[in-house]
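> Input: one structure, supplied below.
The values are calculated or read from the model by the stated rules, or taken from the named source; none is laboratory data. The shown structure was predicted, so the numbers you read here are calculated from the model rather than taken from an experiment. All Cβ positions, even for glycine, are placed from backbone atoms using ideal geometry, and neighbour counts span all protein chains on display.
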Amino acid sequence: MARIQLRFYEELNDFLPVALRKVEFTHDITRKASVKDVIESFGVPHPEVEIILVNGKSVDFSYIVQNGDRISVYPMFESLDISSLLQLRPRPLRLPHFIVDANLGALARYLRLLGIDCLYQNNYSDNEVATISDEQQRTVLTRDRTLLQRKIITHGYFVRADKPLIQTKEVLKRFDLYRSLAPFTRCTRCNGILKPVEKESIMERLEPLTKKYYDDFLICPDCQQIYWEGSHQQRAKILVNELMKPQSNNSTRDGLNKSD
């Protein structure tokens, strides 16, 4: 049997029982185990972890825990240069591209409204999410801890909030995305990049009043969705401003006009 000392830092404590939060505690291990197995036995998904120190030295997830080890587990760092300590993955994703699981469709829509690259389909299986994350180096956003514990997923985040507007603000803050925002440049339906389109080429798809009062249009080359600055545009701008205010919890609606 191995007896170790463990401490989890910062938001990793969200996953722990109250009695184990923000303190060093003793843990007994009755079998050979990697530090990854030990960490995830407490419900902490490994993609949330950025640094593991064992007796003051950085290790990777494959390290086999030894009797007497003192283990410190740290979350992702967005502001500090930790390259000399980083051993858990080849490189951090400083401008991450996301994939959202099937239960966070509203979050995906909000992120796309802000111009953030975010894959989502309401029929994605967990296997598909994990595989796409690995193949395209996308950060998984989910409220499913079991999904994040899959070994193939190296970049992921457990979304704490349960309301989409607050979830979006949480993700923006967690990944420091504010300087990367480009509202109204992505299709909220499929994530494609919007392109200008001549009115004449889409005339047959427009309603009579839209033809009469609007001349500037964008189209998604992937799904052919059409967007224009219609009567809902002001509400969409209000929504974008709301999403970019970290302290506000008010909800509002996406007001972009679009064709069905």
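> With the condition kept exactly as written, say whether any residue in the stretch 116-126 is part of a loop (DSSP other than H, G, I, E, B), surrounded by fewer than 15 Cβ atoms within 10 Å (Cβ to Cβ) and touching a residue at least 40 places away in the same chain (Cβ under 8 Å).
no
> Sticking with this one: Are any residues in the stretch 194-214 touching a helix residue (DSSP H, G or I) at 6+ places or on another chain (Cβ under 9 Å) and outside any helix (DSSP H, G or I), and if so, which ones? Lay out the reasoning, then the answer.
Taking the stretch 194-214 and keeping what is touching a helix residue (DSSP H, G or I) at 6+ places or on another chain (Cβ under 9 Å), we get 199, 203, 206, 211, 214.
Listed by number, the residues that qualify are 206, 214.
> Let me ask something else about it. Condition check: within 28 Å of residue 38 (Cβ to Cβ), buried (at least 18 other Cβ atoms within 10 Å of the Cβ) and among the β-branched types (Val, Ile, Thr). Does residue 129 satisfy that? Before you say what the answer is, go through the steps one by one.
Numbers: within 28 Å of residue 38 (Cβ to Cβ): yes; buried (at least 18 other Cβ atoms within 10 Å of the Cβ): yes; among the β-branched types (Val, Ile, Thr): yes.
Taking the combined requirement at face value, the residue satisfies it.
> Further question: Restricting the stretch 1-40 to residues that are of a type in the set (Gly, Ala, Ser) and under 30 Å from the mean Cα position of the chain (by Cα), which is nearest to residue 73 (Cα to Cα)? Break it down into steps so the answer makes sense when it comes.
Going residue by residue through the stretch 1-40, those that are of a type in the set (Gly, Ala, Ser) are 2, 19, 33-34.
From what's left, under 30 Å from the mean Cα position of the chain (by Cα): 19, 33-34.
Details: 19: 17, 33: 16, 34: 14 Å.
Checked the stretch 1-40; the qualifying residue nearest to residue 73 (Cα to Cα) is 34.
> Assuming residue 162 fulfils every condition listed in (1) touching a Ser or Thr at 6+ places or on another chain (Cβ under 8 Å); (2) free of Cβ contacts under 8 Å to residues at least 24 places away in the same chain apart from one, which condition is it?
With respect to (1) touching a Ser or Thr at 6+ places or on another chain (Cβ under 8 Å); (2) free of Cβ contacts under 8 Å to residues at least 24 places away in the same chain, residue 162 is out only on (1).
One line per residue, one yes/no per condition, for (1) hydrophobic (A, V, I, L, M, F, W, C); (2) surrounded by 13 or more Cβ atoms within 10 Å (Cβ to Cβ); (3) part of a helix (DSSP H, G or I); (4) modelled with pLDDT of 95 or more:
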site: 4; (1), (2), (3), (4): yes, yes, no, yes
site: 11; (1), (2), (3), (4): no, yes, yes, no
site: 19; (1), (2), (3), (4): yes, no, yes, yes
site: 31; (1), (2), (3), (4): no, no, no, no
site: 50; (1), (2), (3), (4): no, yes, no, no
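The rows are residues; the columns are (1) in a loop (DSSP other than H, G, I, E, B); (2) modelled with pLDDT of 95 or more.
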residue: 132; (1), (2): no, yes
residue: 135; (1), (2): no, yes
residue: 141; (1), (2): no, yes
residue: 154; (1), (2): yes, no
residue: 161; (1), (2): yes, yes
residue: 179; (1), (2): no, no
residue: 182; (1), (2): yes, no
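> Return the residues of the stretch 172-189 that are closer than 12 Å to residue 244 by Cβ and basic (Lys, Arg); say none if nothing qualifies.
The answer is 173, 179.
> Given 241, 250, which one is within 23 Å of the chain's Cα centre (by Cα), at pLDDT 50 or above and polar (S, T, N, Q)?
241
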